[in-house]
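For reference, the structure is listed below as structure tokens.
The values are calculated or read from the model by the stated rules, or taken from the named source; none is laboratory data. Keep in mind it's a predicted model, so treat the numbers as computed, not measured. Cβ: placed from backbone, ideal geometry, glycine included. Neighbour counts: every protein chain shown.
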Amino acid sequence: MQALYDLSAPAKLNLFLHITGRRADGYHLLQSVFMLIDWCDTLHLERREDGQLSREDLGEALPPDDLVLRAARALRTASGCRLGAHIGVLKRIPAQAGMGGGSSDAATTLLGLNRLWGLNWPLERLLPLGLGLGADVPFFLGGHNAWVEGVGESLQAIGLPAARFLVAKPPQGLATAAIFSDPGLRRDTEAAILSRFLADPYGFGRNDLQAVAQGLCPGVSEALAWLAAQGLAGRMTGSGSAVFAPWPGPGPVPPAPAPAGFQVRVCANLDTHPLAGWA
């Protein structure tokens, strides 16, 4: 096997995100549901015999040392593999959107190189590497929609009804650290139980980060107002600036034009990750 082409790295939406406390080390305790959607980046992996790792940006330019290269280095170091790889990345998921694009790229890199290099590691060996790269990476490695607790490391696979969502990302992004360090962030939401969420999966809860994010990024409020003008109750996903709402319409695009500079897409949720079962 010399190459693997057209590997998908799907985005996620946080259907809700509650902050239930804060540990002594400063990490926040949360509850959330992560849901895979069909807004995807695409990766191409080609094996290199010289042991070098290289990346080619097939769309927008990525940072020089992004999570893709960090994931490849982590796997090569942990496995002792002497092979390398050339990795092409076609970036579609917007950055700083709360949609997990970088984490998803890292997970697809780990899964793809595990196969390309013939390592055949089980998922249990990849998960610690993923967690070392970012809190969201284990979710994408796991391959299923999940109820999430702790600091993001506790995952329970769940099933969700098929649905479509209108997602809007304003031009501005948001830095996760700025939100979590804000003194106005609510950190005392009462813990929820899974059965209550499952009774109303697309209406349950809220995003506790949203109020702080609106103060930091006016585009979040503008995006929510645009959804509201179409009769949709939107909320922010994760710690980024993208917002979403269940989309009941039959068409692929919303009837009202989006504000200038916004990235807008109607997305369907996914039952499983396209690479589920690769490890």
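Can you tell me how many residues within the range 71-83 are in contact with a Ser or Thr (Cβ under 9 Å, 6 or more places away or on another chain) and surrounded by fewer than 19 Cβ atoms within 10 Å (Cβ to Cβ)? Before the answer, list the steps.
Step one: filter the range 71-83 for residues in contact with a Ser or Thr (Cβ under 9 Å, 6 or more places away or on another chain), giving 71-72, 75.
Filter again for surrounded by fewer than 19 Cβ atoms within 10 Å (Cβ to Cβ), leaving none.
Counting residues in the range 71-83 that are in contact with a Ser or Thr (Cβ under 9 Å, 6 or more places away or on another chain) and surrounded by fewer than 19 Cβ atoms within 10 Å (Cβ to Cβ) gives 0.
Give the range 183-240 a look and list any residue that's touching an Asp or Glu at 6+ places or on another chain (Cβ under 6 Å) and closer than 17 Å to residue 13 by Cβ, or say none.
Hits for the range 183-240: nothing passes.
So which residues in the range 57-96 are over 15 Å from residue 111 (Cβ atoms) and in contact with an Asp or Glu (Cβ under 8 Å, 6 or more places away or on another chain)?
Within the range 57-96, 66, 83, 84, 86, 88, 90, 91, 92, 93 qualify.
Given the condition exposed (fewer than 15 other Cβ atoms within 10 Å of the Cβ), outside the structural domain of residue 147 (by TED's automatic domain parsing), farther than 22 Å from residue 18 by Cα and modelled with pLDDT under 95, answer yes or no: does some residue in the range 231-241 qualify?
Going through the range 231-241, the residues exposed (fewer than 15 other Cβ atoms within 10 Å of the Cβ) turn out to be 231, 233.
Subsequent filtering for residues that are outside the structural domain of residue 147 (by TED's automatic domain parsing) retains 231, 233.
Subset that is farther than 22 Å from residue 18 by Cα: 231.
From what is left, the residues that are modelled with pLDDT under 95 are 231.
Within the range 231-241, one or more residues are exposed (fewer than 15 other Cβ atoms within 10 Å of the Cβ), outside the structural domain of residue 147 (by TED's automatic domain parsing), farther than 22 Å from residue 18 by Cα and modelled with pLDDT under 95.
State yes or no: is residue 102 in a helix (DSSP H, G or I) and touching a Pro at 6+ places or on another chain (Cβ under 7 Å)? Steps first, please.
Details: in a helix (DSSP H, G or I): yes; touching a Pro at 6+ places or on another chain (Cβ under 7 Å): no.
No: the conditions fail for residue 102.
Please specify each residue of the range 188-229 satisfying the condition of being surrounded by 20 or more Cβ atoms within 10 Å (Cβ to Cβ) and of a type in the set (Gly, Ala, Ser).
205, 213, 219, 223
Would you confirm, using the coordinates I've provided, whether residue 36 is touching a residue at least 12 places away in the same chain (Cβ under 8 Å), farther than 25 Å from residue 266 by Cα and in contact with a Leu (Cβ under 7 Å, 6 or more places away or on another chain)?
Details: touching a residue at least 12 places away in the same chain (Cβ under 8 Å): yes; farther than 25 Å from residue 266 by Cα: no; in contact with a Leu (Cβ under 7 Å, 6 or more places away or on another chain): yes.
In short, no.
Can we say residue 119 is under 17 Å from the mean Cα position of the chain (by Cα), surrounded by fewer than 22 Cβ atoms within 10 Å (Cβ to Cβ) and more than 25 Å from residue 173 (Cβ to Cβ)? Full working, then the answer.
Numbers: under 17 Å from the mean Cα position of the chain (by Cα): no; surrounded by fewer than 22 Cβ atoms within 10 Å (Cβ to Cβ): yes; more than 25 Å from residue 173 (Cβ to Cβ): yes.
In short, no.
Would you mind stating whether residue 100 is farther than 25 Å from residue 217 by Cα, in contact (Cβ under 8 Å) with a residue 12 or more places away in the chain and buried (at least 18 other Cβ atoms within 10 Å of the Cβ)? First the steps, then the outcome.
Details: farther than 25 Å from residue 217 by Cα: no; in contact (Cβ under 8 Å) with a residue 12 or more places away in the chain: yes; buried (at least 18 other Cβ atoms within 10 Å of the Cβ): yes.
Against the criterion (farther than 25 Å from residue 217 by Cα, in contact (Cβ under 8 Å) with a residue 12 or more places away in the chain and buried (at least 18 other Cβ atoms within 10 Å of the Cβ)), residue 100 does not qualify.
Within the range 110-151, can you find the residues that are farther than 20 Å from residue 70 by Cα, of a type in the set (Gly, Ala, Ser) and at pLDDT below 95?
150
Which ones in the range 170-180 are buried (at least 17 other Cβ atoms within 10 Å of the Cβ) and under 20 Å from residue 139 (Cβ atoms)?
174, 179, 180
Checking residue 204 against (1) in contact with a Cys (Cβ under 9 Å, 6 or more places away or on another chain); (2) closer than 27 Å to residue 266 by Cα, which test does it fail?
Unmet for residue 204, out of (1) in contact with a Cys (Cβ under 9 Å, 6 or more places away or on another chain); (2) closer than 27 Å to residue 266 by Cα: (1).
Could you go through the range 75-82 and let me know if any residue there is within 17 Å of the chain's Cα centre (by Cα) and in contact (Cβ under 8 Å) with a residue 40 or more places away in the chain.
Let us first name the residues in the range 75-82 that are within 17 Å of the chain's Cα centre (by Cα), namely none.
Among the residues of the range 75-82, not one is within 17 Å of the chain's Cα centre (by Cα) and in contact (Cβ under 8 Å) with a residue 40 or more places away in the chain, which makes the answer no.
Restrict the check to the range 134-152 and report whether at least one residue is of a type in the set (A, V, I, L, M, F, W, C), surrounded by fewer than 24 Cβ atoms within 10 Å (Cβ to Cβ) and part of a loop (DSSP other than H, G, I, E, B).
yes
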